[in-house]
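Written out below as structure tokens is the structure these notes cover.
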Amino acid sequence: MTDSTKRTRVRWLIITVLFIITTINYADRATFSIAGQSASKELGLDPVAMGYILSAFAWAYVLGQIPGGALLDKFGSSGSTSFRWWSGRCLRRFRGSPGSSRAWRRPPCSSP
């Protein structure tokens, strides 16, 4: 192994961050599953609405896995990462409370 191809420890940082994010996601799902009955009583939600809320955690996977895999196959890791970063910057303009026109005043793909 030459000096130019020396391995770094970045991969362990990436694995650690993914582990932490996955753990938080799992804890959120588990917590809402437990607190769901009292939340549905307070908010007046029927079982179908609670099913939508509990399944919303999986919607991001459904919406992201197939196009993400296709991008990765077509453009490789660098190209797909660049696309995800750019599209994330563009989607930031839609932040804000519902009905707020604050988000629309920024130019497209600008930083907050």
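No value in this document is a laboratory result; all are computed from the given coordinates. Keep in mind that this is a model prediction, so the values were computed, not measured. Positions of Cβ are generated from backbone atoms using ideal geometry, with glycine treated the same way; all protein chains shown enter the neighbour counts.
Computed packing ranks the peptides 7-14, 30-37 as 30-37, 7-14, most packed first, by mean other Cβ atoms within 10 Å.
On full extension, the segment bounded by residue 28 and residue 56 gains 8.9 nm, given 0.36 nm per residue less the C-alpha separation.
With the simple spin-label model, which puts each label point 7 Å out from Cα in the Cβ direction, the residue 20 to residue 45 separation comes to 2.8 nm.
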